[in-house]
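The values are calculated or read from the model by the stated rules, or taken from the named source; none is laboratory data. From a predicted model like this one, the values you see are computed outputs, not experimental measurements. All Cβ positions, even for glycine, are placed from backbone atoms using ideal geometry, and neighbour counts span all protein chains on display. Heavy atoms of the whole protein, side chains included, go into the accessibility calculation; ligands, DNA and RNA do not. Shrake-Rupley method; radii C 1.70, N 1.55, O 1.52, S 1.80 Å.
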Amino acid sequence: MKVSGIVELSTIDYPKHASAVVFLAECNMYCGYCQNYEFITKNISEMSAKEVFESMDLMFADALVISGGEPTLQPEAVKELCKLAKEKNFPVKLDTNGTNPEVIKKLVSEKLIDYVALDVKCSFEKYGQITGYTTKINEKILEIISACKKEGIFIECRTTFIPGLMDKLDITEISKTVKDCDLYSIQKYDSEHAHSEEMQKIKPLSDVEMMELGKIAKEHVKNVIVRTFVNEISIK
Ligand code: SF4
């Protein structure tokens, strides 16, 4: 499999777990704000699933996070990693941009993953502009949410709010679409690490403005959190 990086131990990538994180290389989107773009397209090692797993800190980690790039572009690699994790009774979280529902549906039906974190980037008419990807993304996102709900797999939908390119109507549209997810999180935009120079100039919202977005989402989704750079705030 093509791997861009491994974090042996993380306390922030899988809620309530100390997890090992593997970043699989390459992506089928091109988001100007991507913090990993150089990393996932240039820093690529070929490794077997066993080599990946053995390089993790299995003494302290009690869960596996498979992230990217877009992991579902390497479905066999993801499946192998999940199987190794399951042999150790590790729960598995998969981060995805939602472009390959068939891969996720298979993993879900085979009980190989326990948590899906699905990026819903913006309202659907802006996908082309923000990510360079458009193909039926609305339908794909709904398919993934529905598959997870059917099999009892925890599904988090998450949006990074980009001021200037997005507004409150994006949050209204997204939260209406993802209303059945277990958790909807809105994340503060990190301009400092954006891939595109143009997007490095965009200023993030204040924490108060982020909370206002959270309240809009809360009108449609039961569980909403706002992630600032230092806090995770549950919206009441
Ligand atoms: S989907 Fe994620 S990894 Fe891919 S370009 Fe966008 S932000 Fe980067």
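Using a 1.4 Å probe, what is the accessible area per residue for the range 116-236, in Å²? Provide the component values of the computation, followed by the final result.
Values: 5990 Å² over 121 residues.
Result: 50 Å² per residue.
For q values of 0.10 Å⁻¹, compute log₁₀ I(q)/I(0) with the Debye formula on a Cα-only model of the chain, without solvent.
One equal scatterer on each Cα of the chain leads to -0.44.
Please work out whether the range 1-119 counts as rounded, prolate or oblate from its C-alpha gyration tensor, where a ≥ b ≥ c are the square roots of the eigenvalues and a/c under 1.5 means rounded, while otherwise a/b larger than b/c means prolate and anything else oblate? Mind dumping the intermediate values first?
On the way: a/c = 1.44, a/b = 1.20, b/c = 1.20.
Rounded.
Carbon and sulfur atoms: what percent of the 1.4 Å accessible area of the chain do they account for? List each step's numbers first, then the result.
Working: 5780 of 11260 Å².
Percent of accessible area from carbon and sulfur atoms in the chain: 51.
Rounded to the nearest 0.05, what FRET efficiency do residue 2 and residue 89 give with R0 = 35 Å and r taken as the Cβ-Cβ distance? Could you check? Provide the component values of the computation, followed by the final result.
On the way: r = 27 Å, r/R0 = 0.77.
Rounded to the nearest 0.05, the efficiency is 0.80.
Using each residue's phi in the range 209-220, evaluate 6.51 cos²θ - 1.76 cosθ + 1.60 at θ = phi - 60° and report the 3J(HN,Hα) Karplus result to the nearest Hz, with x for Gly and Pro.
Per-residue couplings from phi come out as 5, 5, 4, 4, 5, x, 5, 4, 5, 4, 5, 10 Hz.
How big is D, in µm² s⁻¹, for the range 160-236 by Stokes-Einstein at 25 °C and 0.890 mPa s if Rh is the Kirkwood radius over C-alpha pairs?
Numbers: Rh = 12.7 Å.
Here the translational diffusion coefficient equals 193 µm²/s.
If I build a Gaussian network model for the chain, linking alpha-carbon pairs within less than 10 angstrom, which residue out of 138, 28, 100 has the largest mean-square fluctuation?
28
I'd like to check one number: the per residue accessible area of the range 1-100, probe 1.4 Å, reported in Å² as a whole number.
On the way: 4590 Å² over 100 residues.
Per residue, the range 1-100 has 46 Å² of solvent-accessible surface.
Given springs between every Cα pair under 10 Å in a Gaussian network model of the chain, which of 188, 203, 79 has the largest fluctuation?
Per the Cα network of the chain with a 10 Å cutoff, 203 tops the list.
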